[in-house]
Amino acid sequence: MKSNTRRDFLKKSFMGGVGLFTLPEILRSPAFAAGSPNKLIQFAQIGCGREGTADYTGTIKHTDLCRLVAVCDLDSKRVEIAKNTVEQFYKSKGETNVEVKTYHDFHEVLARPDIDAVIVSVPDHQHAFVAIQAILAGKDVYVQKPLTYAISEAIALRTTVQSRKRILQTGSQQRSEKPWNTFRIASEAVRNGRIGKLKTVKIGIGIDRPKGVKPSPQTPPPTFDFERWLGAAPEQPYMEFRVHPQDSVEARPGWITTEDFGLGMITNWGAHHIDIAHWAMGMELSGPTSVVAKADFMKDDVWTVHTTYHVEMMYPGNIEVIMDNSFPNGIQFEGSDGTVFCARGAERQTKSDPVQNVDNKKGPLWASNDKILYPRIGPEGKVWMPSADHYRNWLESILSRKEPIAPVEQSARSLEACAVAWIAMKLNRKLAWDSKKEMFVNDKDANAMVSRKARKNEYDIAQIMKKAGLA
């Protein structure tokens with residue numbers, strides 16, 4: 001069954017009972033019977049590392065909605081682990097003769113008409129390259145946060161999604177109820193005026209420290225395609241500490257701490273918390289007006305991202321957003337009538353995530369007055385979309401063709417704010433940002449950092465967009 005035909009069938013099956021049945025009743029219908037893959041959303045996993053493993057294991061459990069049929073990674077060891085993990089999962093459900101196809105080149109995955117959607121869990125510097133081509137191939141997409149590496153890439157991905165009318169969910173899982181409903185409760189309280197006029201938002205996103213290892217070129221292992229993995233990033237030799245460990249899928253990868261591949265905590269955790277701050281402020285489609293920042297960066301070390309930092313951003317309405325490495329990991333909203341704080345607490349997305357440093361007496365959710373937090377639902381103007389599970393929300397959006405809880409338009413703005421802060425950190429001066437034009441005001445140096453030149457033309461996002469008629 002061709003991809004569009006399959007998607008139309010799934011949509012009709014899902015929407016056919018609107019007005020007559022609730023969602024659970026629809027999903028209990030014979031059209032979504034277990035063991036009938038052609039009547040489920042068939043998806044592929046692209047990128048099978050730490051986050052990719054969490055993504056596909058979190059999605060395949062929704063057997064009433066989806067079926068994982070293919071896995072893809074440039075590291076053959078990782079793709080085999082993923083294949084075995086998924087096959088064992090389906091066999092544990094009583095299936096026999098289960099086969100999950102493996103791929104080295106994600107283009108081969110996108111060429112399959114029977115695949116409806118893909119999860120993109122590659123390193124940050126490859127997000128836009130893979131996700132844009134997936135959208136152009138007619139697939140719906142789940143892409144890890146931060147949405148992209150650069151501001152120009154976020155704009156391009158948003159343009160592609162809107163043009164092709166595809167569903168894109170960003171991995172901003174703090175928007176969904178489980179396991180972190182603290183963020184929904186706190187941000188609803190702020191958005192609905194329960195702390196009075198919002199004045200200050202204090203965000204803690206943790207800190208990366210030097211590895212203490214000098215850069216030392218190595219020969220890439222024969223099981224890993226480093227050339228393709230490098231993608232648009234600057235030419236450089238392979239170093240295991242700057243890529244991912246060869247003996248573990250669960251350990252934190254080095255690319256997160258290497259500026260050519262990711263910008264450090266400012267986008268790693270910043271994308272999560274800025275997203276929630278925007279939610280609470282009502283700035284989901286806006287951004288800062290100015291930013292001033294300073295930071296220290298790792299030197300003479302295998303890693304290269306920032307360590308200590310202090311960022312001050314002004315938003316419309318004279319709201320100040322401050323990020324500092326001394327703050328506990330979380331978000332504190334301070335208003336004229338009270339304060340509310342939210343964090344993850346002990347819950348972790350992956351085993352190698354740090355346990356958050358929060359006040360043990362107050363916990364991951366507290367307010368200056370309990371009335372600020374409860375009751376959540378009442379005669380207020382803004383209550384968040386129901387989303388108990390981030391992956392299920394994505395799957396349900398694919399079927400309904402309705403916007404997911406973390407859509408591309410809003411996640412693009414979260415990435416922009418984080419990247420604006422990073423650019424200010426690098427330039428070490430105050431910058432003015434125009435969120436409508438999505439560019440800096442009268443600053444050639446800053447605007448030059450909104451994008452970066454691709455190492456090879458084949459990885460150039462502008463050329464991909466031009467070829468698709470979306471320049």
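Things to note:
- Selection of region 195-213 for residues being part of a loop (DSSP other than H, G, I, E, B), of a type in the set (Gly, Ala, Ser) and surrounded by 13 or more Cβ atoms within 10 Å (Cβ to Cβ) yields Gly196, Gly206.
- Among the residues of region 260-279, the one identified as among the small types (Gly, Ala, Ser), in contact with a strand residue (DSSP E or B) (Cβ under 6 Å, 6 or more places away or on another chain) and closer than 20 Å to Ile405 by Cα is Ala277.
- Filtered residues of region 31-64 (kept if surrounded by fewer than 18 Cβ atoms within 10 Å (Cβ to Cβ), farther than 30 Å from Pro245 by Cα and at pLDDT 95 or above): Thr63, Asp64
- Leu399 being at pLDDT 95 or above and more than 27 Å from Pro316 (Cα to Cα): yes
- Filter pass, Ala471 being under 18 Å from Ala232 (Cβ atoms) and modelled with pLDDT under 95: yes
- Pairing residues of region 146-173 that are basic (Lys, Arg) with residues that are in a strand (DSSP E or B) and at pLDDT 95 or above, at Cβ distances under 6 Å and at least 6 apart in sequence or on separate chains, gives Arg166/Asp140.
- Looking only at region 291-301, and only at residues there that are surrounded by 16 or more Cβ atoms within 10 Å (Cβ to Cβ) and either out of contact with any Pro (no Cβ under 7 Å at 6 or more places or on another chain) or of a type outside the set (A, V, I, L, M, F, W, C) (or both), the one that is farthest from Pro364 (Cα to Cα): Asp301
- Only helices (runs of 4 or more DSSP H) whose full extent lies in region 77-186 are considered here, and the ones with at least 1 residues that are over 20 Å from the mean Cα position of the chain (by Cα), at pLDDT 95 or above and not assigned by TED's automatic domain parsing to the domain that holds Ile423 are 106-110, 151-164.
- Residue check, Asp443 acidic (Asp, Glu) and in the same structural domain as Glu259 (by TED's automatic domain parsing): yes
- Within region 302-315, not a single residue is under 19 Å from the mean Cα position of the chain (by Cα) and either surrounded by fewer than 23 Cβ atoms within 10 Å (Cβ to Cβ) or not assigned by TED's automatic domain parsing to the domain that holds Asn428 (or both).
- One residue from Trp394, Trp433 being in a strand (DSSP E or B) and within 25 Å of Ser187 (Cα to Cα): Trp433
- Some residue of region 340-359 being modelled with pLDDT of 75 or more, under 30 Å from Asp208 (Cβ atoms) and either over 23 Å from the mean Cα position of the chain (by Cα) or among the polar types (S, T, N, Q) (or both): yes
A quick yes/no check of all residues on (1) in a loop (DSSP other than H, G, I, E, B); (2) of a type in the set (A, V, I, L, M); (3) touching an Asp or Glu at 6+ places or on another chain (Cβ under 8 Å):
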site: Met425; (1), (2), (3): no, yes, no
site: Arg455; (1), (2), (3): yes, no, yes
site: Ala462; (1), (2), (3): no, yes, no
site: Leu470; (1), (2), (3): yes, yes, no
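- Unique match (being outside any helix (DSSP H, G or I) and of a type in the set (A, V, I, L, M)) among Ala388, Ala419, Ala412: Ala388
- Flag if Trp279 is in contact with a Ser or Thr (Cβ under 7 Å, 6 or more places away or on another chain) and closer than 25 Å to Trp180 by Cβ: yes
The values are calculated or read from the model by the stated rules, or taken from the named source; none is laboratory data. Fair warning: this is a prediction, and the values are worked out from it, not measured in the lab. Positions of Cβ are backbone-derived with ideal geometry, glycine not excepted, and every protein chain shown enters the neighbour counts.
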